[in-house]
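Read the structure below first, then the notes.
Computed from the coordinates by the stated procedures, all read-outs in this text should not be read as laboratory data. This one's a predicted model, so the numbers in the text were calculated from it and none came from an experiment. Note: ideal-geometry Cβ built from the backbone for every residue, glycine included; neighbour counts use all protein chains shown.
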Amino acid sequence: MNTTTSTSKPAGGRAADNQAEKDRWLRLYRQMTRIRLFEEQVNELYTRALMPGLAHLYSGEEAVAVGICEALHVDDYITSTHRGHGHCLAKGATPDRMFAELLGKEAGYCRGKGGSMHIADPATGNLGANAIVGGSVGIATGAAFAAKRLGNGRVAVCFFGEGALGQGSLYEVMNLAQLWKLPVIYVCENNLYCEYTHFSETTAGTILGRATAFGLEAAKVDGQDVRAVNEVAERLVKRARAGDGPSFLEADTYRYSGHHVGDINREYYRAKQEEQHWRSERDPIKLLADWLHGQGHADAAALEQITAAARSEMEAAVKFAIGSPYPSVDQVEEDVYA
Amino acid sequence: MPERAMPERELTFAQAVREALAEEMRRDSRVCIFGEDVAEAGTPFKVLSGLVEEFGADRVLDTPISEAGFTGVGVGAAMTGLRPVVDIMFGDFLTLTMDQMVNQAAKAHYMSGGHWNVPMVMRTTLGATRRSAAQHSQSLHAWFSHVPGLKVALPSTPYDAKGLLKTAIRDENPVVFFEDKMMYKLKGHVPADDYTIPLGVADVKRVGEDITLVATSSMVQVALGAADMLAKEGISAEVVDPRTTWPLDEKTIIESAKKTSRVIVIDEGYERYGVTAELAAVIAEGAFYDLDAPVKRMGAMHVPIPFSPPLEDVTVPTEETVAEVARKLCNKS
């Protein structure tokens, strides 16, 4: 049986490693905090009607993107989803150009042509967030195919929600990836809800069983525990780079907000007590903070400093985006063709 | 020494396609092919025979029967440094690739603000009259011509097939390349040299004075046959082949329409909301005051392609039906 369930282990002993380890966990703390505060600003922009379109917040799921992208190199590839701000930031996007894109400004990552659901950035290996559920599974697999063929040692991570388990193309490409031993990791972020429907109503059998059927290495992890996510990600990335083929990771997580910012009244599909439970007991940032305290890696003041710096960064980024110009209308026909 | 004229080298349409692929694969190691039965089998039409032997199984790859999956793999591979040629055996199977082509390949460049490119070619087929019934006979190129971000090539001769395919492979954009299944054995002059044909340049396949036949792909040979018949009756038909439906060489088409003042547009796709409708609109907008008759459209009938030969044969334009419509337009019927 090639499935495993991971939980994080206590940090190991050697003093020489200790500082590096501590820096690493603090970096993860910082990244998760940045994503949380980025999304708070998005919520604010949206509710103040400054942001056009739709906003799908990643709050609550930060440990998945951060734990996995920590295991990647800058030139490794990711594909993201409509709920993609966290993936983009974790892979190295800067919030100023992201906010500019969210507001449809020329300084945005896509020069205002993509918006929240389509942030893409070759400089950080981001092949693009995708607004078709499951729409990027082929692209990620193709990037892994190119990496293998070109021998550049890169791996591709395909992020998708459990809703994408309903798309047949996922099974087509997992089959191909295993046949061709491609360096791709399929990361299923199971936040329990396909829009407004609990995944148990849409998912027969087991989630991991869908990957093991094709012989993929498959693992399940507590997606609120960033150390556990990172540990399993390091292992899956290493085996992909070594030429051992594709793998599948189910990360159990939770979407704090509605499907999108406008999804306010959610009682018909999930209880407020459930949301409260995840926020108070299973929050990835709080869980890591508690662990950092317990290990003596950081006190409350140190963590508050990280939060304050991230808040300033996000506020400055929003200010930049609001002050940036829209693209001129003569750009509308640019970039249809390369 | 007296000059000795070299005999013109002839290849079949299938050989011309294969030569284009082989030349580009020799020229550029990033070019690879995948699809169903493309390697040892060389496709059911034997278009790719010999390529896996020359270029190896890591550049000519058989896939499972998963059109959506391997088309998506093509898109991702194109974005990250390869130049895939994805093979969709029958044009009818394009339906299975639509999300990858329409929502992914066509939009990646624009949606990313010009940061990602998708230099991919999708080779596929079109055309009826092969007694293959409704799911193996359609000509669906209009669907792709409709979508911004895609280019669509429709070669009608072995010469054009080689030159257009080489250009398509070198293009930075997704190009859908339609080959008429019935034309694979058609022979024609194909130079051995490395030539390319730009996308978006029509070719006047026959010069004429009285009527213009704008025809695509399989219908070019039909139009040329009709022109031969008409010539014997004193009607001089010009045959214009756009060669690509996007980009579209509107200028050449409109100039010919202005010159002859009568036009039939002929395309094997369904006539309703199809390529013929677009071409007729282009001509009406560009040459209305020079026309002596309304532009006439001829495409596939608005029925699923039937199996039974006598039924199938009436669903698509033929030399006879084109000639008949031309006579009427020229008031010579």
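Our helix-only sum for the protein assembly as shown, with -39,500 (n - 2.57) per DSSP H run of n ≥ 4 divided by its residues, gives a mean residue ellipticity at 222 nm of -12000 deg cm²/dmol.
What's the average, rounded to a whole number, of partner chain beta-carbon atoms within 10 Å of each residue's beta-carbon in A:175-184?
3
Could you tell me the calculated FRET efficiency between residue A:269 and residue A:54, based on Cβ-Cβ distance and R0 = 30 angstrom, to the nearest 0.05? Rounded to the nearest 0.05, the efficiency is 0.95.
Look at the alpha carbon pairs under 8 Å that are at least 6 residues apart: their mean separation over the length of chain A gives a relative contact order of 24 percent. Note on chain A: with a GNM built from Cα contacts shorter than 10 Å, the maximum mean-square fluctuation among A:47, A:81, A:33 falls on A:47.
Straight-line reach from residue A:272: taking Cα to Cα under 30 Å and skipping same-chain neighbours fewer than 8 places apart, the lysines in range are A:220, A:286. Over 18 Å apart: what share of the alpha carbon pairs of the range B:203-329 falls there, rounded to a whole percent? In whole percent, the share of Cα-Cα pairs in the range B:203-329 beyond 18 Å is 47. Reported to the nearest whole Å, the Cα centre-to-centre distance from the range A:74-150 to the range B:85-158 is 25.
3J(HN,Hα) couplings calculated from phi for the range B:227-244 with the Karplus curve 6.51 cos²θ - 1.76 cosθ + 1.60 (θ = phi - 60°) are, in sequence order, 5, 4, 4, 5, 4, 5, 9, x, 9, 9, 9, 9, 10, 10, 10, x, 6, 9 Hz; Gly and Pro show x. Once fully extended, how much extra length lies between residue B:40 and residue B:273, figured as 0.36 nm per residue of separation less the alpha-carbon to alpha-carbon distance? Fully extending the segment from residue B:40 to residue B:273 adds 79.9 nm. Global dimensions of chain B from alpha-carbon coordinates: Rg and Dmax equal 19.9, 62 Å. Each of A:74, A:305, B:152 was scored by the projection of its Cα onto the charge dipole of the protein assembly as shown, and the greatest displacement toward the positive side belongs to A:305; charges sit on the C-beta of Lys, Arg, Asp and Glu.
When chain B is treated as a Gaussian network with alpha carbon springs shorter than 10 Å, the biggest mean-square fluctuation among B:143, B:116, B:246 belongs to B:116. Here the relative contact order of the range B:10-189, from alpha carbon pairs under 8 Å that lie six or more residues apart, stands at 28 percent.
Across the range B:9-19, rounded Karplus estimates of 3J(HN,Hα) from the backbone phi angles (6.51 cos²θ - 1.76 cosθ + 1.60, θ = phi - 60°) give 6, 10, 10, 7, 4, 4, 5, 5, 4, 4, 5 Hz, Gly and Pro being marked x. Longer than 19 Å from Cα to Cα, which of B:107/B:162; A:105/A:319; B:107/B:151; A:148/A:181; A:181/A:238; B:46/B:187 are they? Say none if no pair is. Beyond 19 Å between Cα atoms: B:107/B:162.
Explain nothing, just the number: dipole magnitude of chain B about its Cα centre with +1 on each Lys and Arg Cβ and -1 on each Asp and Glu Cβ, in debye rounded to the nearest 20.
220 debye
With the biggest extent put first, the Cα atoms of the range A:68-142 measure 30, 25, 17 Å across the principal axes.
Across peptide B:115-126, the average count of Cβ atoms from other chains found within 10 Å of a residue's Cβ is 2. Restricting attention to chain A, close to 10% of DSSP beta bridges with both partner residues there are antiparallel. In this rough spin-label picture, where each label sits 7 Å from Cα along the Cβ direction, the residue B:307-residue B:250 distance is 4.5 nm. Note on the range B:203-329: antiparallel DSSP beta bridges, both residues inside, total approximately 20 percent of the bridges counted. Distance from the C-alpha centroid of the range A:176-237 to that of the range B:294-333: 54 Å, rounded to the whole angstrom.
Oblate is the label for the range A:213-257. Its Cα gyration tensor axes, ordered a ≥ b ≥ c, give a/c of at least 1.5 and b/c at or above a/b. Of A:19, A:167, A:224, the residue with the greatest mean-square motion in the GNM of chain A, using alpha carbon springs below 10 Å, is A:19. Using C-alpha pairs under 8 Å with a sequence gap of at least 6, the mean separation divided by the residue count of the range B:203-329 gives a relative contact order of 28 percent. Ranking A:186, A:265, A:160 by how far each Cα lies toward the positive end of the dipole of chain A (charges on Cβ) leaves A:186 at the top. Treating r as the C-beta distance of residue B:291 and residue B:192 and R0 as 45 Å, the FRET efficiency rounds to 0.60. Between the residues A:37, A:321, A:122, the greatest Cα displacement towards the positive end of the dipole of chain A, with unit charges on the Cβ of Lys, Arg, Asp and Glu, is found for A:122.
Residues of the range A:21-51 falling in the label zone of residue A:286, defined by backbone nitrogen less than 14 Å from a point 7 Å along Cα to beta-carbon, are absent. Judged by the gyration tensor of its Cα atoms, with axes a ≥ b ≥ c, the range A:20-320 is rounded; a/c sits under the 1.5 cut. Within the protein assembly as shown, the percentage of alpha carbon pairs spaced more than 51 angstrom apart rounds to 21%. In this rough spin-label picture, where each label sits 7 Å from Cα along the Cβ direction, the residue B:233-residue B:204 distance is 2.4 nm. Remark: mean inter-chain Cβ contacts per residue of B:24-32 equal 1, using a 10 Å Cβ-Cβ cutoff to other protein chain atoms.
Residue A:30 versus residue A:47, label points 7 Å from Cα toward the beta carbon: distance in nm? Between residue A:30 and residue A:47, the simple spin-label model gives 2.9 nm.
Charged side chains reduced to their Cβ positions (Lys and Arg at +1, Asp and Glu at -1) give the protein assembly as shown a dipole of some 660 debye around its Cα centre.
Multiplying the residue separation of residue A:203 and residue A:277 by 0.36 nm and removing their Cα-Cα distance gives an extension gain of 24.3 nm. For residue B:185, the aspartates and glutamates whose Cα falls under 16 Å of its own Cα, not counting residues fewer than eight places away in the same chain, are B:10, B:19, B:160.
This model, with +1 at the C-beta of Lys and Arg and -1 at the C-beta of Asp and Glu, gives chain A a dipole about its Cα centre of some 660 debye.
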